[in-house]
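Data block below; observations after.
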Number of protein chains: 2
Amino acid sequence: MEGVPKDAKKVFGGVLFDVYQWDQEMYDGSMAVFERLNRPNTVETVLVTPENKIIIERQRQPDREDWFLSSVGGRIDEGEDPLVAAKREVLEESGYESDDWELLHVWRPTSKILWDDYVYVARGAQKVQEQELDGGEQIELMEVSFDELLDLIDSRELSGFSQIFREMCIRAKYDKPSYEDLKKTILG
Amino acid sequence: MEGVPKDAKKVFGGVLFDVYQWDQEMYDGSMAVFERLNRPNTVETVLVTPENKIIIERQRQPDREDWFLSSVGGRIDEGEDPLVAAKREVLEESGYESDDWELLHVWRPTSKILWDDYVYVARGAQKVQEQELDGGEQIELMEVSFDELLDLIDSRELSGFSQIFREMCIRAKYDKPSYEDLKKTILG
């Protein structure tokens, strides 16, 4: 298990999270039990149509009443390549396909959890089928412009995407050179 | 346990994380086991001296080789008031005290974990004692200006602070009205 010492023991296995513990030597020579979690890595995609619209989701979850805006994405299956997972999640949740994919960055949301979030852009995406949602998903698609995406992130109405991507969007909203850079990255 | 259904069961108790599970009805009527974690809430403080310098930390952790920049803060003890915890962590980690505290916001870093991060500003902070570090802490203090704080967050050299506060800082760096607002909030 990358990210924990070799002698770390798995002390719990859950449906989403596994828990690892080990004895860690402290700076003063004393010992303490340290704990880290493992969970499936995730993918998020900035999904762009040939008309330079960005597809985002309005969704809700079975244990939450409220609808919220999010990126298109989901969990990487065990052993699955991140790009394969991103293409699969995009197809299932939106029905779109693209042949112009680029990895923007990989981000670790919190240091105590072995969890990497892969953020992709997929340009020129075309609708090829209907959504394939499972029983735990309610997802509506929305098309927004590049400027609207920046506004939705700046206002926090859209709560998804990596911290790195969010910071790029806010920089782009208020700084002209950053705007041109990010627009080129996203729209190509 | 706030944030999980009443019938959720604690299925694991760790040194940092507890795991809760429950049977969740899905939109199609099927059932699935849902899982949430609980961990101690945390505090982070924007600690400001009478000379309008902001105190940040250069620290490392027993299971990491690298030094990194962070905010002054830590975990809230069981049953402890968040403001009391913030004052305690500031005194232990920096030796500073302030009598001008303000809660900026409360932030939930990830939806799958019952974990609230309280972000405070403490103005006019004076050094009243030496640091009181435990055996698992190596912390050096740094003084930076308001503008340097914005640069360190914008460049991600400083990885701490809530996503909300980070976004405020980046907005402030590139947008003059946001700069004046945040400077007034932080420096008073």
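Computed from the coordinates by the stated procedures, all read-outs in this text should not be read as laboratory data. It should be emphasised that the depicted structure is a prediction, and the values quoted were computed from it without experimental measurement. Every residue, glycine as well, gets a Cβ built from its backbone with ideal geometry; the counts of neighbours run over all protein chains shown.
What the table below lists for this structure:
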{"item": "Selection of trypsin sites (Lys or Arg not before Pro), the stretch A:119-188, meeting DSSP coil and at most 16 other Cβ within 10 Å", "result": "A:Arg156"}
{"item": "Choice from B:Gly13, B:Gly95, B:Gly29 with maximal GNM fluctuation in chain B (Cα, 10 Å cutoff)", "result": "B:Gly29"}
{"item": "Positive-end extreme of charge dipole, the protein assembly as shown - chosen from A:Asn41, B:Ser94, A:Ile113 (charges on Cβ)", "result": "B:Ser94"}
{"item": "Lys, Arg +1 and Asp, Glu -1 on Cβ, resulting dipole of the protein assembly as shown about Cα centre, debye, nearest 20", "result": "300"}
{"item": "Distances in nm from B:Val11 to the matching label points in the other copies, shortest first (labels 7 Å along Cα to Cβ)", "result": "1.8"}
{"item": "Gyration tensor (alpha-carbon) shape descriptor, the stretch B:42-187, a/c threshold 1.5", "result": "rounded"}
{"item": "Sparse-neighbourhood loop sites, GluC sites (Glu not before Pro) in the stretch A:129-184 - DSSP loop, at most 15 other Cβ within 10 angstrom", "result": "A:Glu130, A:Glu132, A:Glu157"}
{"item": "Dipole magnitude of the stretch A:1-158 about its Cα centre (Cβ charges: Lys, Arg +1; Asp, Glu -1), debye to nearest 20", "result": "480"}
{"item": "Label distances, nm, B:Phe68 versus same residue in remaining copies, Cβ-directed 7 Å point", "result": "2.3"}
{"item": "Anisotropy class of the stretch B:103-155 from Cα gyration tensor, a/c 1.5 cut", "result": "oblate"}
{"item": "Top positive-direction residue, dipole computed over chain A with Cβ charges, set A:Met168, A:Gln138, A:Thr185", "result": "A:Met168"}
{"item": "C-alpha long axis of helix B:163-174 to longest principal axis of chain B, angle in °", "result": "40"}
{"item": "Ascending list, in nanometres, of distances separating the B:Leu103 label from those of the other copies (7 Å, Cα toward Cβ)", "result": "4.1"}
{"item": "Sparse-neighbour loop sites [GluC sites (Glu not before Pro); the stretch B:1-101; at most 16 other C-beta within 10 Å; DSSP]", "result": "B:Glu2, B:Glu51, B:Glu65, B:Glu78, B:Glu80"}
